[in-house]
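Data first, discussion second: the structure below is written as structure tokens.
The values are calculated or read from the model by the stated rules, or taken from the named source; none is laboratory data. Quick caveat: nothing in here was measured; it's all calculated off a predicted structure. All Cβ positions, even for glycine, are placed from backbone atoms using ideal geometry, and neighbour counts span all protein chains on display.
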Amino acid sequence: MELRRLRADLHIHTCLSPCGELAMSPRAVVDRARSVGLDLIAVTDHNTTENAAAVIEAARGTGLTVLPGIELTTAEEVHILGLFDAGADLGPFQAEVFRNLPDVPAKRKFIRDQVLVDAEDYVTGFSPRCLFGATLLSVHDAVGLIHAHGGLAVACHVDRDSFSIVSQLGFIPPNLPLDAVEVSPRLTVDEARAAFGPFDPLPAVRFSDAHKPEEIGSVTTAFVVAAPDLGEVRKALAGLDGRKVVPS
Ligand SMILES: [Zn+2]
Ligand SMILES: [Zn+2]
């Protein structure tokens, strides 16, 4: 099978995230991702997968592949990225996340509107609960839950001084079965390794963590894979069958 180099940005928020701009609608995300030449993106809102299907639908027929995902906040206030197969039924996963997310009302004074949308950018509702809070899931629970639903688990922005596994725990637990670590846009992977030590055996990736359209694709990782899907990304992270992660 022929392998291709795909440019990926797998950490993108939509208007559903309390910190995501209203401009981050499905069509805007897809248009920007295509205009900057991305092959593969993931929609990763805080503690919710609910806008992902709309972005997947908005990208249909464009050549851009969209994976559904989430940026889970654990009980320790560690951000863990969950990336799933485009065809996955995430209803049961989302129900489990909401069961573990304290039902604090979203107060518009403190956070932006959390906007649910469809593939044509029409507003279909507002998430009534504060999505930014910590869940009751430990880092081990969060990684286990993501894996139980067929996903990949990535420790987010490990070099940041808040909401990262290193800032919250002081280290990456060696028995935590992560699939990768993400370095934030402010450092290269080499700079992060110099500052924090090698992440081996975990592969390191970098994504934009976009909250506004112009940030999409500003930081990417390339995957040498046979197809733009989760199974191939999984192989690339594990270095299997010639698939690999390369700087982008
Ligand atoms: Zn984060
Ligand atoms: Zn994020």
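Summary table
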quantity	calculated
Residue among V205, V104, V123 that alone is under 18 Å from the mean Cα position of the chain (by Cα) and among the β-branched types (V, I, T)	V205
The one condition in (1) surrounded by fewer than 18 Cβ atoms within 10 Å (Cβ to Cβ); (2) within 14 Å of ligand 1 (Cβ to nearest atom) that S164 fails to fulfil	(1)
Residue within region 9-30 that is among the polar types (S, T, N, Q) and within 12 Å of ligand 2 (Cβ to nearest atom) present	yes
Unmet criterion (only one of (1) buried (at least 23 other Cβ atoms within 10 Å of the Cβ); (2) within 16 Å of ligand 2 (Cβ to nearest atom)) for E77	(1)
Residue list for region 137-152, restricted to those being surrounded by fewer than 17 Cβ atoms within 10 Å (Cβ to Cβ) and more than 19 Å from L90 (Cβ to Cβ)	S138, H140
Condition check for G133: within 28 Å of V181 (Cβ to Cβ) and either in a helix (DSSP H, G or I) or modelled with pLDDT of 95 or more (or both)	no
Filter pass, V123 being closer than 22 Å to G20 by Cα, in contact with a strand residue (DSSP E or B) (Cβ under 9 Å, 6 or more places away or on another chain) and within 14 Å of ligand 2 (Cβ to nearest atom)	no
Residues that are more than 14 Å from ligand 2 (Cβ to nearest atom) and at pLDDT 95 or above, drawn from region 146-161	I146, H147, A148, H149, G150, G151, L152, A153
Hits in region 31-57 (condition: away from ligand 2 (no atom under 16 Å from the Cβ) and in contact with a Phe, Trp or Tyr (Cβ under 9 Å, 6 or more places away or on another chain))	D39, L40
Residue in region 240-248 that is in contact with a His (Cβ under 7 Å, 6 or more places away or on another chain) and touching a residue at least 12 places away in the same chain (Cβ under 8 Å) present	no
F110 vs. criteria of a type in the set (F, W, Y) and modelled with pLDDT under 95	yes
Top-ranked residue in region 167-202 [being charged (D, E, K, R) and buried (at least 20 other Cβ atoms within 10 Å of the Cβ); ranked as nearest to the chain's Cα centre (by Cα)]	E182
